[in-house]
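Before any comments, here is the structure.
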Amino acid sequence: MSNEIALGAGAGLSTELASEHHEHHEHHQSFITKYIFSTDHKMISKQFLITGIIWAFLGGLMSVLFRLQLGYPDSHFYWLQDVLGKFWVEDGRITPQAYYALVTIHGTVMVFFVLTAGLSGTFANFLIPLQIGARDMASPFMNMLSYWFFLAAGLVMLSSLFVETGPFSGGWVAYAPLSALRDASPGSKSGMDLWLISIILFVVSSLLGGLNYIATILNMRTKGMSMTRLPLTIWALFFTAVIGVLSFPVLFSGFILLIFDRNFGTSFYLSDIFINGVGALPNEGGTAILYQHLFWFLGHPEVYIVLLPAMGMASEIMSVNARKPIFGYMAMIGSLFAICILSFLVWAHHMFVSGLNPFVGSVFVLLTLLIAVPSAIKVFNWLTTLWRGNIRFTPGMLFTIGFVSLFISGGLTGIWLGDSALDIHLHDTYFVIAHFHLVMGVASMFGMFAGIYHWFPKMYGRYMNNTLAYIHFWITLAGAYLIFWPMHYEGLAGMPRRYYDYSSWESFKQFAELNRFISTVVIITFATQLLFIFNFFYSIFKGRKVTTKNPWGANTLEWTTPINPGHGNWEGEIPEVHRWAYDYNKDGREFIPQTEPVGADESQH
Amino acid sequence: MMAVTETSNRSKKIHPHKFLMWMGIGSICMMFAGLTSAYIVKRNQANWEDVQLSPVFLYSTFVIIISSITMYLALRAFKARQMLQYKNLITITVILGLVFAYLQYIGFKGMANHGVLLIGPGSNAAASFLVVIIGLHVLHVLGGVVALLITFFRAFRTKVKSYSPVPIEIVSTYWHFVDILWIYLYIFLYVAR
């Protein structure tokens with residue numbers, strides 16, 4: 001199907017409607033159709049990005065607040081009380097209820113809103129049509145809906161911060177019974193209702209987006225763009241979408257059962273547990289483990305939803321800036337595929353200490369450790385891509401290399417945690433926090449930063465400031481290691497996560513200064529992110545203008561569009577593709593764009 | 001010109017919207033797979049009651065199978081441009097869809113009258129699962145009814161005439177899917193009880 005039709009067919013089903021729609025975009029665009037209810041994938045991606053940045057700011061701020069409690073448990077911050085009010089801060093200290101709420105909402109916001117919507121929402125929307133040579137998504141309308149559901153999810157979550165009993169405070173995993181029982185904690189009351197509504201809206205948004213990404217990649221590639229000529233970004237975003245489409249519905253089922261337990265007195269997760277002040281529950285025979293299974297069936301693939309786009313972008317940016325073909329293109333695709341399959345087969349490694357049958361546990365250990373194989377393939381391919389490359393240290397490239405570093409550091413501890421025997425000791429300690437923050441949290445953030453710095457010229461037709469970017473990179477990289485490295489030691493010593501105050505525990509008193517050190521670094525690193533936010537918004541309006549179509553000397557199709565592409569991306573025909581995306585330094589030429597026909601005496605990929 | 005390109009390309013590649021529908025179906029399948037596997041896990045634990053399915057659910061199975069046949073005939077009529085027949089068949093399909101939803105409701109009402117506590121305090125998960133699974137399926141059928149009505153009225157617009165069978169084909173795919181899904185769920189709930 002040709003792209004012209006697809007763009008039209010996306011907007012309306014009948015051809016008449018399509019041409020109507022097309023003209024509408026070519027001629028007059030009001031502020032509302034251009035910036036708010038836009039169906040242009042590039043505008044939607046910017047909406048996702050800026051909403052994601054706002055959420056990253058809020059989520060990061062929350063971590064600063066609870067780190068204040070952890071690092072300075074004896075201090076009183078009276079000024080905070082004036083700013084945040086009595087629910088959050090009392091007598092100058094973060095209240096226990098607020099502490100748990102902050103931890104919960106920080107996790108939820110970062111995993112779902114920032115690293116899922118902000119990352120794959122932004123870059124799938126932006127890069128898929130541009131890199132495969134399509135004028136827009138398969139269904140631009142669904143794409144717009146996807147953003148609006150995401151925004152609604154965010155607003156509902158935001159509103160939960162302001163209810164009287166506070167936002168949900170039972171951890172981002174929302175385990176029953178804390179999530180199923182209104183009387184379990186103040187946060188389990190209306191805060192949890194809003195949390196559930198928000199996440200259900202978010203699931204709808206993800207599904208609408210994910211379906212669209214897959215349909216676009218499989219159906220709307222330009223002439224000559226076979227699957228094995230796709231840039232690795234597209235492959236990664238494709239598998240991300242597949243994982244999302246298959247795993248989010250299962251989370252949805254789990255939430256429906258949760259809603260019935262909360263509101264209609266059923267006993268899926270709740271049993272006759274005894275609660276202080278309430279007595280025994282009337283429920284019978286429910287099992288909280290069932291919720292954990294349903295949750296982690298999404299929850300584990302979710303970490304790959306977060307990580308794969310960063311992997312794809314890292315591969316692309318690294319190849320462009322090392323001026324070398326990516327090492328092992330097919331192995332990269334194969335390992336993405338392997339990760340995609342394995343991600344569905346390992347969920348119970350989150351539940352080793354839940355009373356899981358040790359035999360079942362050993363199967364999950366094996367499958368979990370198998371993930372090390374494709375991960376290692378990817379790491380070695382990145383390292384061999386860098387090897388003897390002609391590296392240009394652009395901010396995007398630095399963040400890419402930082403991503404690989406963090407992925408290795410965090411990934412190695414995954415081998416420890418994936419072992420069910422070691423996990424008995426390490427489960428629910430700071431070791432876990434250190435592991436997943438490095439390998440999926442900060443690493444994916446680095447992938448996101450790399451993508452923003454690299455594609456900012458295409459998004460806004462301007463560059464971001466390099467000096468600020470370098471300061472941002474070095475402080476963030478050092479900060480990430482200084483924050484999370486010490487946590488490994490705390491975790492090995494058995495320091496449990498999610499505790500409000502460690503100073504009253506004889507075993508963990510020794511870490512008071514280490515905790516203060518971590519908290520101080522958190523504040524500095526968070527302040528550095530403000531530098532990035534300033535750089536981002538300043539550069540949109542005042543950044544140095546891009547003067548050539550292809551500033552990085554890259555091969556992929558997005559750099560053949562005009563500097564500020566309109567809706568439809570290419571003026572005139574969509575270019576035809578003749579080669580893969582990684583012909584760098586081939587036959588004595590620095591780069592050969594994908595649109596250039598293969599010469600008679602040239603070897604073809 | 002656009003229409004020409006579209007028809008010439010249709011033979012080669014699946015329409016993106018149809019493809020979207022198929023993937024949406026895959027995702028709905030995952031949701032029900034999640035629920036039915038939760039059902040199996042729960043059944044193997046203590047406190048599982050044997051709940052008899054209402055015989056009304058068998059009648060509703062016949063109704064939805066017939067509606068699938070009328071849907072198929074409606075699509076054929078549309079392609080043959082027999083618009084009157086198409087109109088009638090779609091109306092019958094919509095009515096059958098609503099009858100199906102009503103029968104499911106009657107089924108639950110009958111079970112409740114026979115003393116089965118479906119939800120609420122003291123209810124058993126065996127019964128509550130039926131409400132969740134069958135209830136979610138009914139919502140999907142009702143979604144199909146809405147989609148049918150929309151395509152139905154769009155096909156009769158006078159301002160712009162559309163001869164494209166794609167929208168109605170997509171709805172019919174979905175309709176057959178919820179039919180097959182119900183047959184699976186019915187057999188599953190009957191056997192796995």
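The values are calculated or read from the model by the stated rules, or taken from the named source; none is laboratory data. Note that the structure is a prediction, hence the values are computed from the model and not measured. Please note: Cβ atoms are built from the backbone with ideal geometry, for glycine as well, and neighbour counts cover all protein chains shown.
Which residues, counting only those in the range A:362-373, are within 20 Å of A:Phe297 (Cβ to Cβ) and assigned to a helix (DSSP H, G or I)? Let's see the steps before the verdict.
Quick first cut of the range A:362-373, residues within 20 Å of A:Phe297 (Cβ to Cβ) only: A:362-371.
Passing the criteria: A:Ser362, A:Val363, A:Phe364, A:Val365, A:Leu366, A:Leu367, A:Thr368, A:Leu369, A:Leu370.
The set of residues in the range B:46-75 being of a type outside the set (A, V, I, L, M) and either within 28 Å of A:Asn283 (Cβ to Cβ) or within 14 Å of chain A (Cβ to nearest Cβ) (or both) consists of B:Asn47, B:Trp48, B:Glu49, B:Asp50, B:Gln52, B:Ser54, B:Phe57. Just so you know, in the range A:508-560 the residues that are touching a Pro at 6+ places or on another chain (Cβ under 7 Å) and among the hydroxyl-bearing types (Ser, Thr, Tyr) include one that is surrounded by the most Cβ atoms within 10 Å (Cβ to Cβ), and it is A:Thr556.
Which number in (1) surrounded by fewer than 21 Cβ atoms within 10 Å (Cβ to Cβ); (2) part of a helix (DSSP H, G or I); (3) over 14 Å from the mean Cα position of the chain (by Cα); (4) more than 11 Å from chain A (Cβ to nearest Cβ) marks the one condition that B:Tyr86 misses? (1) is the only condition that B:Tyr86 fails. Checked across the range B:140-160, the condition of being touching a residue at least 24 places away in the same chain (Cβ under 8 Å), closer than 30 Å to B:Leu89 by Cβ, surrounded by 18 or more Cβ atoms within 10 Å (Cβ to Cβ) and in contact with a Lys or Arg (Cβ under 9 Å, 6 or more places away or on another chain) holds for at least one residue. Do you know which residues across the range A:219-241 are over 15 Å from the mean Cα position of the chain (by Cα), part of a helix (DSSP H, G or I) and touching a residue at least 12 places away in the same chain (Cβ under 8 Å)? Correct list: A:Asn219, A:Thr228, A:Arg229, A:Leu232, A:Ile234, A:Trp235.
Would you check if there is a residue in the range A:450-460 being buried (at least 20 other Cβ atoms within 10 Å of the Cβ), β-branched (Val, Ile, Thr) and under 25 Å from A:Asp423 (Cα atoms)? No, the conditions are met nowhere in the range A:450-460.
Within the range A:145-167, one or more residues are within 14 Å of another protein chain (Cβ to nearest Cβ), in a helix (DSSP H, G or I) and either at pLDDT 95 or above or under 28 Å from A:Glu571 (Cα atoms) (or both). On the given criteria, is A:Tyr499 part of a helix (DSSP H, G or I), at pLDDT 90 or above and hydroxyl-bearing (Ser, Thr, Tyr)? Taking the combined requirement at face value, the residue does not satisfy it.
Let's see how each residue does on (1) farther than 18 Å from A:Phe126 by Cα; (2) not basic (Lys, Arg):
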position	(1), (2)
A:Tyr538	yes, yes
A:Phe541	yes, yes
A:Trp552	no, yes
A:Thr556	no, yes
A:Trp570	no, yes
A:Arg589	yes, no
A:Asp601	yes, yes
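Would you be able to say whether some residue in the range A:571-580 is in contact (Cβ under 8 Å) with a residue 60 or more places away in the chain and closer than 23 Å to A:Phe399 by Cβ? First the steps, then the outcome.
Of all residues in the range A:571-580, those in contact (Cβ under 8 Å) with a residue 60 or more places away in the chain come to A:574-580.
Filter once more, so that each one left must be closer than 23 Å to A:Phe399 by Cβ: none.
No, that holds for no residue.
Scanning the range A:558-569 for residues that are farther than 18 Å from A:Gln29 by Cα and part of a loop (DSSP other than H, G, I, E, B) turns up A:Thr561, A:Pro562, A:Ile563. Just one of the listed residues (A:Ser185, A:Ser206) is farther than 26 Å from A:Leu119 by Cα, touching a Ser or Thr at 6+ places or on another chain (Cβ under 7 Å) and not charged (D, E, K, R), and it is A:Ser185.
For (1) of a type in the set (S, T, N, Q); (2) within 14 Å of another protein chain (Cβ to nearest Cβ); (3) under 20 Å from A:Leu426 (Cβ atoms); (4) in a helix (DSSP H, G or I), each residue gets a yes or a no:
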position: A:Phe255; (1), (2), (3), (4): no, yes, no, yes
position: A:Pro282; (1), (2), (3), (4): no, yes, no, no
position: A:Val320; (1), (2), (3), (4): no, no, no, yes
position: A:Ile341; (1), (2), (3), (4): no, no, no, yes
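If the condition is being among the polar types (S, T, N, Q) and under 28 Å from the mean Cα position of the chain (by Cα), then the range A:561-587 contributes A:Thr561, A:Asn564, A:Asn569.
Being within 13 Å of chain A (Cβ to nearest Cβ), over 19 Å from the mean Cα position of the chain (by Cα) and either at pLDDT below 95 or assigned to a loop (DSSP other than H, G, I, E, B) (or both) is a condition met by no residue of the range B:168-191.
Considering B:Leu75, B:Leu103, B:Leu96, which residue is surrounded by 15 or more Cβ atoms within 10 Å (Cβ to Cβ) and modelled with pLDDT under 95? It is B:Leu75. In summary, helices (runs of 4 or more DSSP H) completely within the range A:1-72 and bearing 1 or more residues that are more than 23 Å from A:Ile533 (Cβ to Cβ), at pLDDT below 60 and within 14 Å of chain B (Cβ to nearest Cβ) occur at A:3-11, A:15-26.
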